[in-house]
1. When you look at K66, is it part of a helix (DSSP H, G or I), within 25 Å of R28 (Cβ to Cβ) and open to solvent by 90 Å² or more (accessible area, probe 1.4 Å), yes or no?
2. Kindly check whether there is at least one residue in segment 107-114 that is surrounded by 13 or more Cβ atoms within 10 Å (Cβ to Cβ) and either closer than 15 Å to L42 by Cα or under 52 Å from the mean Cα position of the chain (by Cα) (or both).
3. Quick check on D29: is it within 30 Å of Q96 (Cβ to Cβ), at pLDDT 85 or above, charged (D, E, K, R) and assigned to a helix (DSSP H, G or I)?
Amino acid sequence: MGNVFGRKSRPSRVTEQDKAILQLKQQRDKLKQYQKRITLQLEKERLLAKQLLKDGKKEKALLLLKKKRYQDQLLDKTENQISNLERMVQDIEFMQIEMKVIEGLKVGNDCLKSMHEIMSIEDVERILDETQESIEYQRQIDEMLAGALTQEDEDAILAELEEITQGEDVALPEVPTEPIPEVPEAAKAEPGTVDLFLTTKRSLHN
């Protein structure tokens, strides 16, 4: 029970504009009902005036037609009021849409301002310069890989390679000068003996 009574009521989402639109529409509907009722009444009075003329009651028929004429004028005014109410409702609804658009623009503008404060013009220019340098460097690499080097470039690369390797002696293993001894006949018969003989010779040579 305490939670029920202690629960905070949610704020109403109905704005003053919504209330105004609702009241205008209610007033418009009342005028339309009045217009419909008067139209039916005028039709009855027109038939009654016709019957009075048949009965020879011209004065009463004339008075009834005068009343009908006055009510016709009221109907015209009612129609104008209904049109004004509907136009006002449309204007308010359109204004609500405009307010939402303006609110969205304001939020977007504040967001842009915050982003501009985070990144200055100098930072943007620096990033653009670095990006342009990276693009240019990548373009040069792509041209080289695509065989865009001229013959002069090829000659310069070969000359640089020769300059780097010039004067450097390449170490090659020495060729042994001693003759390779013949394998004894007994060792030929037994594979294990051959392996032992070769191992012993390598040890003496080292």
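The values are calculated or read from the model by the stated rules, or taken from the named source; none is laboratory data. As the structure is a computational prediction, the values presented were derived from the model and not from experiment. Cβ sites come from the backbone with ideal geometry, for glycine too, and all protein chains shown count toward neighbours. To get the accessible areas, we keep the full protein, side chains included, count just its heavy atoms, and leave off ligands, DNA and RNA. Shrake-Rupley method; radii C 1.70, N 1.55, O 1.52, S 1.80 Å.
1. Values: part of a helix (DSSP H, G or I): yes; within 25 Å of R28 (Cβ to Cβ): no; open to solvent by 90 Å² or more (accessible area, probe 1.4 Å): yes.
Answer is no for this residue.
2. Checked segment 107-114: no residue is surrounded by 13 or more Cβ atoms within 10 Å (Cβ to Cβ) and either closer than 15 Å to L42 by Cα or under 52 Å from the mean Cα position of the chain (by Cα) (or both).
3. Details: within 30 Å of Q96 (Cβ to Cβ): yes; at pLDDT 85 or above: yes; charged (D, E, K, R): yes; assigned to a helix (DSSP H, G or I): yes.
The answer is yes for D29.
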